[in-house]
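Notes to accompany the following structure.
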Amino acid sequence: MAPMKNLTVSLLLFFWAGCLHMPNNAHGVNSQEEKSDEEVAVGDHSTDEELDTIQERMMRKRITVYEIETISSEIWKAATVLEVKYARKPNEGDKRMLFDHSPKANNDKAVDPLFKNLFQFYEKTTGYEDPCVKSKRRDCDAAQDVFLNHIFNGDGPISILHGYLNAFKIYLGEYDAFKRRLKTIWFKPYSRSGGVTLDTSAFEHVFLGERDYGKVVGLHNWMRMYDEENPPNNFKLTKAPYFHQNIGATVQFQWHDSIAKPTQFFTRTSPATEIALYTLCFMTQPDKRCQINLGGTQMHLQTYTHATGLIGSAFPVFP
């Protein structure tokens with residue numbers, strides 16, 4: 001059963017205020033946004049009840065941009081803003097470091113160890129089967145469960161998300177069922193190599209990154225970047241980063257021997273916060289620029305749906 005919060009008063013005010021606002025397109029959300037290299041094929045998955053029921057699709061039409069902004073704002077309020085120190089001169093000389101790696105910065109303290117523990121189960125190059133699929137399946141499955149139990153515990157971003165999705169009838173299951181749904185959405189393996197092998201998942205692509213035919217795809221997470229920038233320094237900036245207030249940044253980098261296009265990521269968020277925000281947009285505004293509000297700052301998230309019906313990609317879009 002969900003660790004339910006006292007949402008009754010806020011939800012009543014929320015629904016009342018929502019009635020005073022215009023529908024989705026009133027905020028200028030363009031359903032025909034130009035799609036980037038992150039886009040993946042969209043297939044017909046209407047028969048897969050586990051992933052996406054017809055009822056849930058119909059409910060997506062009933063939630064407005066204003067309501068999504070309000071839910072995202074509540075998720076942000078429940079989030080823990082982490083203390084992460086970035087390099088003061090990130091492009092000085094040959095070092096090109098994004099993060100401050102000095103003992104005084106102590107960035108290791110902000111890295112979620114249960115999140116980092118998942119890194120070992122994924123092969124970064126597409127076309128090669130992830131260890132999670134067969135060779136280390138049992139250990140990987142257990143590590144995923146431990147991580148999910150961790151982010152589902154308490155009254156944090158995931159719990160807030162579940163409460164609102166239930167209130168809007170977008171997701172009608174109990175908290176444990178929602179955990180299973182998110183495990184499927186984020187961790188179920190699929191192929192990014194034309195069916196050659198199960199070489200990817202939403203989690204791997206969005207948070208860990210992949211090398212696909214010499215290009216870097218995905219990798220929108222500061223904890224992964226920080227870990228890869230540590231020795232043996234697989235992550236190197238190619239240009240100075242641009243920070244968007246105190247929320248995110250745009251970077252260009254080399255990862256192993258592959259060059260990434262400009263990539264955007266949140267700079268001080270926990271995995272739970274990012275999963276909650278991406279899931280909100282995937283379940284309400286898939287394949288669109290999803291307008292959210294983080295502490296008064298309006299911005300967008302972009303999600304793409306893979307042919308399997310799972311998340312193909314998700315990332316922040318800063319002005």
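The values are calculated or read from the model by the stated rules, or taken from the named source; none is laboratory data. Because the structure is predicted, anything quoted here is derived from the model rather than measured. Cβ sites come from the backbone with ideal geometry, for glycine too, and all protein chains shown count toward neighbours. Surface accessibility is based on the protein's heavy atoms, side chains included, excluding ligands, DNA and RNA. Shrake-Rupley method; radii C 1.70, N 1.55, O 1.52, S 1.80 Å.
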Inset, instruction - Convert each backbone phi in the stretch 287-293 into a coupling constant with the Karplus relation 6.51 cos²θ - 1.76 cosθ + 1.60 (shift: θ = phi - 60°), then list the ³J(HN,Hα) values in order as whole Hz, x for Gly and Pro. - result: 6, 9, 6, 9, 7, 10, 10
Legend entry - Whole-Hz ³J(HN,Hα) from phi, Karplus 6.51 cos²θ - 1.76 cosθ + 1.60, for the stretch 70-83, glycine and proline x: 5, 5, 4, 5, 5, 4, 5, 5, 7, 7, 9, 7, 7, 8
Inset, instruction - Kindly rank 63-71, 268-276 from highest to lowest mean number of other beta carbons found within 10 Å of each residue. - result: 268-276, 63-71
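THR80: net charge of surrounding residues, Cβ under 15 Å, Lys/Arg +1, Asp/Glu -1, itself excluded?
Numbers: positive: LYS77, LYS109, ARG268; negative: GLU74, GLU83, ASP112, ASP155, GLU274.
Once all neighbours under 15 Å are counted, the net charge is -2.
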Inset, instruction - Report the accessible area of LYS77, computed with a 1.4 Å probe over the heavy atoms of all protein chains in place, in Å² rounded to the nearest 10. - result: 150 Å²
Inset, instruction - Taking amide H positions as placed in the peptide plane 1.01 Å from N, state which residues far from HIS244 in sequence (5 or more) or on other chains have amide H under 5 Å from it. - result: ALA249, THR250
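How high is the FRET efficiency between ASN234 and ARG62 when r is their beta carbon distance and R₀ equals 30 Å, given to the nearest 0.05? Don't skip to the end; give the middle numbers.
Details: r = 45 Å, r/R0 = 1.50.
Approximately 0.10, to the nearest 0.05.
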Legend entry - ³J(HN,Hα) computed for each position of the stretch 228-237 - Karplus, 6.51 cos²θ - 1.76 cosθ + 1.60, integer Hz, glycine/proline x: 6, 7, 5, x, x, 6, 7, 10, 9, 5
Inset, instruction - Could you sort out which of LYS215/LYS236; LYS124/LYS183; LYS134/LYS188; LYS134/LYS183; LYS124/LYS261; LYS77/LYS116 sit more than 22 Å apart by Cα distance in this structure? - result: LYS77/LYS116
Legend entry - Simple label model, 7 Å out from Cα along Cβ direction - LYS261 to ALA307, nm: 2.1 nm
Legend entry - Amide hydrogen neighbours beyond the local backbone of LEU237, cut-off 5 Å, H modeled: LEU98, GLN254
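Would you mind telling me the share, in percent, of accessible area of the stretch 164-203 contributed by carbon and sulfur at probe 1.4 angstrom? Working shown, then result.
Details: 820 of 1460 Å².
With neighbouring chains kept in place, the figure for the stretch 164-203 is 56 percent.
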Inset, instruction - Mind checking the per residue accessible area of the stretch 250-303 for me, 1.4 Å probe, whole number of Å²? - result: 26 Å²
Inset, instruction - List the residues whose amide H sits under 5 Å from the amide H of TYR190, counting only those 5 or more places along or on another chain, with H placed 1.01 Å from N in the peptide plane. - result: ASP199, THR200, SER201
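Between GLN254 and LYS134, how high is the FRET efficiency from 1/(1 + (r/R0)^6) when r is the Cβ-Cβ distance and R₀ = 25 Å? Nearest 0.05.
E between GLN254 and LYS134, to the nearest 0.05, is 0.20.
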